[in-house]
Amino acid sequence: MRTQVGIIGAGPAGLMLSHLLHLQGIESIIIENRTREEIEGTIRAGLLEQCTVDLMKTTGVGERMMREGHFHEGIELRFNGESHRINIQELTRGKKVTVYAQHEVIKDLVDARLKTGGEIIFNVDDVSLHDLDTSAPTIRFRKEKDGDFQEITCDYIAGCDGFHGPSRPSIPSTIRKEYQKIYPFGWLGILTEAPPSAPELIYGNHERGFALLSTRSPEIQRLYLQVDRNDNIDNWSDDRIWEELHTRLATHDDWKLIEGPIIQKNIVSMRSFVCDPMQHGKLFLAGDAAHIVPPTGAKGLNLAMADVQILACALGTFYTSNNTELLERYSETCLRRVWKAERFSWYMTSMLHRHYDHTPFEHQIQLAEMDYVTSSRSAATSLAENYAGLPIECPEDWLEKLGVLTLNS
Ligand code: FAD
Ligand code: DHB
């Protein structure tokens, strides 16, 4: 097989990249090691930055998101039993945050790719990357477990295969620098069949640990609890989860958390991670393959979408004018924004979680930080600007150009 861009991984990064390349008339093939049902059914992120929403809308894949998504103008920080609202929309001059589940984004992108003749090969196995330093890099894989080996020869390979995929390790360890922080806690996430308990997201700091109230729809709510990194979901009965959520989100007024049957629960661990550089020869990493953030700032999916915009723009420039300048600067351009998102995610995580090793002094500093950010307009503006999403370094008319390509496609 031959294509212009071989894409490994059908997560948000790989699917959006393929879609953006298609709009520019560039061919790609995606290979994915899970089934379509699995990728469309995995519950993960829920919060989209304005840039992600604008990208989906402009490129014709945002119709269902605009119908079914929830648009929030602010968030609540809750500590010492009191709620403090950060008015994101006012502090960012108009930006909103959108609640629309990651697996719904995946469904919309798969649907768009398949409708426009895109090729996604699901359920592949034994994927490896070869000849990255040559003009004909190759992806080798089996179409199914124990099937025959196949090869895709391409001009470029996009490694969009998440944190555990084979792309990042294909960059020689001698030139790959990795920065990492592992947190001693994780998040226990649940989906519950209940009406919303609040109109906006609530990020709660409590001496027993962090809790987050989010939503999915008028009927389904998403909530998270900080738990020990090595905790096991079997230790958490539904009653224990509700008791802990009630305690950590309690207020001094008459606010009530509404319970419902828990229909899904799991625990994820948390880390911060950056790989530098994000490119080597003809290989470009995007999304979780190159960097991980703890979920507190809701940045992971949004960073993946930002990377592939930068990559799609650079590839588009190469295929129209043979100019490789943007491709050469890809890693440098992405990493400037990635490190700012890493900083913000680390900051939100530090401010809102209970740290097992904190002294009473450090705990007071943490409370002062929350008091400051909710009482100073300057501090709140900084939080809002980062939460709503920093600008993406693409040429100014890039989105406009995509809009025209979408209309003509
Ligand atoms: P992935 O989604 O991991 O996709 C990679 C794909 O590659 C997968 O489909 C995988 O099956 C495939 N793959 C792996 N190995 C291979 C292989 N060998 N061959 C072929 N394919 C392979 N982010 C936000 O922005 N907002 C949030 O609110 C948010 N909340 C989160 C809450 C939780 C509980 C968690 C766990 C994450 C959250 N995130 C959030 C992070 C977000 O889910 C990820 O950052 C996002 O999925 C990254 O997209 P990606 O395409 O880079 O990688
Ligand atoms: C959700 C996840 C997050 O990490 C976050 O910060 C906010 C919301 C969610 O899944 O709804």
Would you be able to tell me the number of residues in region 40-73 that are in a loop (DSSP other than H, G, I, E, B), closer than 27 Å to Thr381 by Cα and open to solvent by 50 Å² or more (accessible area, probe 1.4 Å)? 1
Inside region 86-119, can you point out the residues that are assigned to a loop (DSSP other than H, G, I, E, B) and open to solvent by less than 30 Å² (accessible area, probe 1.4 Å)? Thr92, Tyr100, Ala101, Gly118
Screening Leu223, Leu301, Leu245, Leu213 for residues that are part of a helix (DSSP H, G or I), within 15 Å of ligand 2 (Cβ to nearest atom) and in contact with a helix residue (DSSP H, G or I) (Cβ under 7 Å, 6 or more places away or on another chain) leaves only Leu301
Could you pull out the residue among Asp276, Asp254 that is open to solvent by 10 Å² or more (accessible area, probe 1.4 Å), without any contact (Cβ under 8 Å) to a residue 12 or more places away in the chain, away from ligand 2 (no atom under 14 Å from the Cβ) and of a type in the set (Asp, Glu)? Asp254
Checked pairs for region 286-298, first within 13 Å of Ser350 (Cα to Cα), second assigned to a loop (DSSP other than H, G, I, E, B) and of a type in the set (A, V, I, L, M, F, W, C), C-beta under 9 Å and 6 or more apart or across chains, list as Pro295/Ala45; Thr296/Phe210
Residues Thr42, Thr35: which one is within 12 Å of ligand 1 (Cβ to nearest atom), among the β-branched types (Val, Ile, Thr) and more than 29 Å from Asp155 (Cα to Cα)? Thr42
Checking the structure you have, find out if any residue of region 148-167 is closer than 24 Å to Asp307 by Cα, β-branched (Val, Ile, Thr) and under 24 Å from the mean Cα position of the chain (by Cα). yes
Among the candidates Ser83, Ser128, single out the residue that is assigned to a strand (DSSP E or B), more than 16 Å from ligand 2 (Cβ to nearest atom), polar (S, T, N, Q) and touching a residue at least 60 places away in the same chain (Cβ under 8 Å). Ser83
Any idea which residue in region 310-367 is surrounded by the most Cβ atoms within 10 Å (Cβ to Cβ), counting only those that are more than 16 Å from Pro295 (Cα to Cα) and among the aromatic types (Phe, Trp, Tyr)? Tyr330
Residue ID - modelled with the lowest pLDDT, chosen from residues in region 391-409 that are in a loop (DSSP other than H, G, I, E, B) and within 16 Å of Thr333 (Cβ to Cβ): Glu396
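The values are calculated or read from the model by the stated rules, or taken from the named source; none is laboratory data. Because the structure is a prediction, the values reported are computed rather than measured. Cβ sites come from the backbone with ideal geometry, for glycine too, and all protein chains shown count toward neighbours. For accessibility, only protein heavy atoms count, side chains too; no ligands or nucleic acids. Shrake-Rupley method; radii C 1.70, N 1.55, O 1.52, S 1.80 Å.
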